[in-house]
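The values are calculated or read from the model by the stated rules, or taken from the named source; none is laboratory data. In this text the structure is predicted, and so the values were computed from the model without any measurement. Here the Cβ is made from the backbone with ideal geometry for all residues, glycine too, and neighbour counts use every protein chain on show.
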Amino acid sequence: MYLKANVNTMIFDTTTCKISDERAEIGLTITDKYYHALGAIHGSVYFKLLDDAAFFAVSSIVKDVFVLTTSFNINLIRQVKEGILKAEGLVKFKSKTLYVAESTLYNQDGKVVAFGTGNFARSKISFSDKIGYG
């Protein structure tokens, strides 16, 4: 479902996704289509990868409904102009109504380029074939 979403087929067409219990990894091969005017990737790419990794870490333990990002803060450490990025997400807190996850974005040399923390809540949208979950 994730890899088939419009944003991932039309914009982020080289994304990979691995999900395990309370963890997720999202990968993206950088091309110039992700650049801002100064020739490095736009901050929205950092955000998307970090949010997606944290989101799927939480989603790995919420089995019946979609979760929603309610807030997400990022810290950008260094620019990226090429290579493969990998975001790793990890659940840090869970309750009946709130989940907190953090994620770290690495360049292809294993250096941290950004990190973030997000809050997530359960939605009222159940998983179904109708919405591409099956």
- Please go through segment 97-132 and pick out each residue that is loosely packed, with under 12 Cβ neighbours inside 10 Å, at pLDDT below 90 and either under 19 Å from Asp21 (Cα atoms) or not charged (D, E, K, R) (or both). Thr97, Ser126, Ser128, Ile131, Gly132
- Which residue pairs have Cβ atoms under 9 Å apart, sit 6 or more places apart or on different chains, and have a first residue in segment 87-106 that is more than 20 Å from Asn75 (Cα to Cα) and in a strand (DSSP E or B) and a second that is at pLDDT 95 or above and among the acidic types (Asp, Glu)? Lys94/Glu22
- Task: Please go through segment 60-86 and pick out each residue that is charged (D, E, K, R) and either part of a helix (DSSP H, G or I) or within 24 Å of Asn107 (Cα to Cα) (or both).
- Result: Arg78, Lys81, Glu82, Lys86
- What residue, among those in segment 39-59 that are in contact with a Lys or Arg (Cβ under 7 Å, 6 or more places away or on another chain) and part of a loop (DSSP other than H, G, I, E, B), is surrounded by the fewest Cβ atoms within 10 Å (Cβ to Cβ)? Gly39
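Is it the case that Val80 is touching a strand residue (DSSP E or B) at 6+ places or on another chain (Cβ under 6 Å), at pLDDT below 95, exposed (fewer than 15 other Cβ atoms within 10 Å of the Cβ) and not basic (Lys, Arg)? Give the steps one after another, and end with the answer.
Values: touching a strand residue (DSSP E or B) at 6+ places or on another chain (Cβ under 6 Å): yes; at pLDDT below 95: yes; exposed (fewer than 15 other Cβ atoms within 10 Å of the Cβ): no; not basic (Lys, Arg): yes.
Taking the combined requirement at face value, the residue does not satisfy it.
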